[in-house]
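Just below is one structure, and these are the notes that go with it.
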Amino acid sequence: NTARLWSSYGADAIGQVLIPIALAKIAKAPATVAILARVQEALNARMAPLVGRAATATRIEELVPILESLASGTELLPAQLETLYGITEAEYAALKKIADDLGILMTVRSRHETSIKWIRDFAAKLKPEALKIKTISEMDTKLGYKASDIGRLVFKKPKALIAFEKGEGSIGEAMAKVAAESGFEPGSMEWQNAFDRQMLRVKEWRKYEKEYKRLDSQGWINVSVDYEANAAADSVANAKSSLGLAKQNLGKYEGFQLRSVGPPGEEEYVVEMFNRKEGRFVPITGDIDPIAFTHLDGSPLTAAEHARVLDSMRLDPLLQAQHGESTTLVTTKYVDGGVDFVVNQFKPGEPGLQIAPGPSLPRVVRVNGAKSRWANSFDYHIHMDGGFVYSGSYIPKTALPLPAYTVPAAAIPAVAKVRALPAATTAAANVGRCRVTFGTPIKNINTVVDANGKLARLAGPKNNQVQEDPALHSECFSAGPDIPLVVSPATTVLEGTAVDAVEIAIPTGEQGWAEQGADLRVGDQVTIGAGGATAETRTIAAFGSIIVDRPLEFAHEAGEAIVVTAMVPRDGAGGTTTTTTTTTIPSTIPSTTKAPNTTIAATTIPTTAGSPAVRGISTDRSGNQSTPASASSGGSGNSGSGTVTATPLAVTGNDSSRTTALAFCLAGFGIVLMALAKRRVRQRHRPR
């Protein structure tokens with residue numbers, strides 16, 4: 001940061017290197033280190049009595065003022081984190097290992113101490129990103145919630161909202177009545193806090209009532225970590241498919257239900273998810289909330305580094321991270337990212353916890369919004385009062401000025417629309433206890449998620465309409481061990497497709513979502529709009545994204561399912577067997593289409609005027625096409641034999657190789673002519 005400041009004042013590049021090195025030497029000097037150590041020891045000694053009070057607290061209410069009174073920069077022992085931050089020693093060790101392995105700073109927020117009880121005693125699941133409501137707090141219990149529910153998710157219609165809907169005054173009057181009945185003194189800070197909490201619960205109910213009841217009806221919830229929303233590429237789920245495409249999240253679905261616990265006439269539900277290890281539905285409690293992951297100097301991680309952190313947290317059996325951190329959340333129409341968003345993650349006076357690699361103990365820190373800046377998810381600096389300060393001399397590449405970040409468009413399936421079923425990206429089940437894989441025509445079934453969120457089969461190859469199959473849905477979301485579910489490859493329409501179109505955009509590595517498919521092949525028969533009234537079947541002729549053999553009869557909207565209903569033969573391992581499939585690509589394909597790095601097997605392309613040529617298929621002087629013998633098979637993993645050789649489909653468009661060759665010939669001929677002309681001039685002026 002000093003180097004960037006120096007550069008802004010016109011210093012040369014040498015200064016950009018020398019200044020941070022000089023500062024590093026000063027910071028690492030024995031005298032400086034000794035002074036900093038004494039300051040830290042004095043701070044820890046001053047805070048020791050306060051920390052000691054936390055160990056003897058008998059009520060949760062006693063811990064809040066203690067945590068708020070801790071000075072920024074105070075170091076804590078791992079054993080003290082459970083009481084003050086709701087983080088067990090084992091969970092801290094897991095976070096510390098990630099910080100050590102990746103060499104990063106990790107800042108997290110405290111969670112309610114009772115979360116540990118829910119996990120230990122009730123095998124509770126951690127709150128996924130899709131569930132936005134807050135866990136029950138002490139303030140909620142004063143407003144009508146049960147004290148036994150503190151720390152878990154309960155979805156309850158607020159008393160004030162019930163009174164308002166009955167016509168008993170305005171919503172403000174109803175909240176004032178509830179606060180007064182609960183013993184709060186009008187005009188006090190507690191009175192205002194009671195109003196704020198009631199307003200939060202009223203907003204939650206109005207915003208999520210229909211959505212949560214719909215989730216309860218369908219019986220599952222998407223618990224995927226949204227890498228794209230946190231400006232990170234998923235290093236696990238981004239494994240390339242046979243199309244050269246990649247998913248942007250894991251497409252993992254878990255059983256979900258709202259269990260009614262309220263008296264007759266009142267709506268109160270315990271929110272639960274299915275725990276496959278326990279074989280039953282369990283409560284949902286708070287997770288460890290990530291705030292910021294950065295390099296040691298506070299500069300942002302690259303997308304690849306960021307993905308490694310999220311993967312490490314998600315796959316750790318203790319942490320089981322459900323989402324990324326607040327600092328890198330991409331601004332959307334639903335959420336505003338930036339400094340204010342990070343600051344608002346904390347209650348007034350509430351500190352975070354910062355963990356550094358090496359022998360240092362974790363520190364109490366607070367976000368300083370006035371000293372922070374945030375341009376986008378790749379260009380920011382969140383200042384933590386009391387946090388670790390790096391004294392090294394390197395300047396990470398992410399500390400340099402970056403171009404403006406543009407949030408990529410995403411194809412998100414609309415509610416009440418048939419969706420394709422995602423394939424598992426790991427060995428674990430991803431749809432309840434079903435582990436979905438794409439299979440062969442002999443084993444596979446055509447399966448989709450219907451408009452009600454239920455797993456269903458397509459009725460058949462002729463109409464491809466949804467057929468209710470409650471047995472399949474119940475099987476995947478019932479108690480029991482993991483089971484395999486082999487389905488047809490599937491994907492989705494990315495953008496609206498018009499009548500007579502022959503190219504259908506599907507999600508790519510930058511635009512993918514959970515229902516993106518894999519293992520589609522040239523020659524496969526696909527049904528576009530599967531399960532809907534406009535379902536129609538075509539054959540895949542090429543990829544760019546999907547190019548079909550003949551124009552579409554209907555227009556299709558973004559999010560409609562595309563399911564393979566007849567496949568070209570595959571090996572048992574998923575590769576393409578030796579076969580000959582002749583397909584003609586319509587001449588109406590746009591010449592500017594870019595295709596992913598994928599394969600095309602034995603595709604015959606007409607050489608008539610106006611039809612595009614495909615790089616990797618050469619044409620001799622007589623117009624005959626041939627495929628290079630050295631071409632790879634791409635995603636199939638098999639080179640094939642006989643009459644079939646897989647050929648990489650790089651781009652579609654006019655082949656400019658002849659034009660280029662002609663240009664080189666003309667240039668060479670011109671050089672020869674110029675040389676001959678110069679020679680004649682020299683001979684003419686040669687002395688005689």
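The values are calculated or read from the model by the stated rules, or taken from the named source; none is laboratory data. If you're wondering where the values come from, they're calculated on a predicted model, not measured in any experiment. Positions of Cβ are backbone-derived with ideal geometry, glycine not excepted, and every protein chain shown enters the neighbour counts. These area figures cover heavy atoms from the full protein model, side chains too; ligands, DNA and RNA do not enter into them. Shrake-Rupley method; radii C 1.70, N 1.55, O 1.52, S 1.80 Å.
Of everything in the stretch 78-90, what is touching an Asp or Glu at 6+ places or on another chain (Cβ under 9 Å) and either within 19 Å of His383 (Cα to Cα) or touching a residue at least 24 places away in the same chain (Cβ under 8 Å) (or both)? Give them in sequence order.
Pro78, Leu81, Glu82, Thr83, Leu84, Tyr85, Gly86, Thr88, listed by residue number.
Checking each residue in the stretch 157-185 for being closer than 17 Å to Trp205 by Cα and of a type in the set (Lys, Arg) picks out Lys157, Lys159, Lys166. Glu325 meets the conditions (1) open to solvent by 40 Å² or more (accessible area, probe 1.4 Å); (2) in a loop (DSSP other than H, G, I, E, B); (3) modelled with pLDDT of 85 or more; (4) not small (Gly, Ala, Ser) in every case but one. The failed one is (1). Taking the stretch 83-137 as the range and being assigned to a helix (DSSP H, G or I), more than 21 Å from Thr56 (Cβ to Cβ) and of a type in the set (Asp, Glu) as the test, the residues that pass are Glu91, Asp100, Asp101, Asp121.
Residues checked against (1) surrounded by fewer than 20 Cβ atoms within 10 Å (Cβ to Cβ); (2) polar (S, T, N, Q); (3) not in a helix (DSSP H, G or I):
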position: Ile162; (1), (2), (3): yes, no, no
position: Gly169; (1), (2), (3): yes, no, yes
position: Ala180; (1), (2), (3): yes, no, no
position: Phe184; (1), (2), (3): no, no, yes
position: Leu200; (1), (2), (3): yes, no, no
position: Glu204; (1), (2), (3): yes, no, no
position: Leu215; (1), (2), (3): no, no, no
position: Asp226; (1), (2), (3): no, no, yes
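Scanning the stretch 187-198 for residues that are of a type in the set (S, T, N, Q) and surrounded by fewer than 16 Cβ atoms within 10 Å (Cβ to Cβ) returns Ser188, Gln192, Asn193. For first residues located in the stretch 42-54 and on the phi < 0 side of the Ramachandran plot and among the small types (Gly, Ala, Ser), partners that are in a helix (DSSP H, G or I) and surrounded by 15 or more Cβ atoms within 10 Å (Cβ to Cβ) and lie 6+ apart or on another chain with Cβ distances below 9 Å form the pairs Ala54/Leu63; Ala54/Ile66; Ala54/Leu67; Ala54/Gln80; Ala54/Thr83; Ala54/Leu84.
Residue pairs whose Cβ atoms lie under 6 Å apart, sitting 6 or more positions apart in sequence or on different chains, and linking a residue in the stretch 158-177 that is farther than 20 Å from Thr141 by Cα to a partner that is surrounded by 19 or more Cβ atoms within 10 Å (Cβ to Cβ), are Phe164/Ala174.
Restricting Ala566, Ala535 to residues that are hydrophobic (A, V, I, L, M, F, W, C) and at pLDDT below 85 narrows the list to Ala566.
Name the residue, out of Lys156, Lys132, that is under 30 Å from Asp226 (Cβ atoms), surrounded by 20 or more Cβ atoms within 10 Å (Cβ to Cβ) and either touching a helix residue (DSSP H, G or I) at 6+ places or on another chain (Cβ under 8 Å) or not polar (S, T, N, Q) (or both).
On the way: Lys132 fails: surrounded by 20 or more Cβ atoms within 10 Å (Cβ to Cβ).
The unique qualifying residue is Lys156.
Consider Lys125 carefully, then state whether it is crowded, with 21+ Cβ neighbours inside 10 Å and touching a Pro at 6+ places or on another chain (Cβ under 8 Å). Full working, then the answer.
Values: crowded, with 21+ Cβ neighbours inside 10 Å: yes; touching a Pro at 6+ places or on another chain (Cβ under 8 Å): yes.
Taking the combined requirement at face value, the residue satisfies it.
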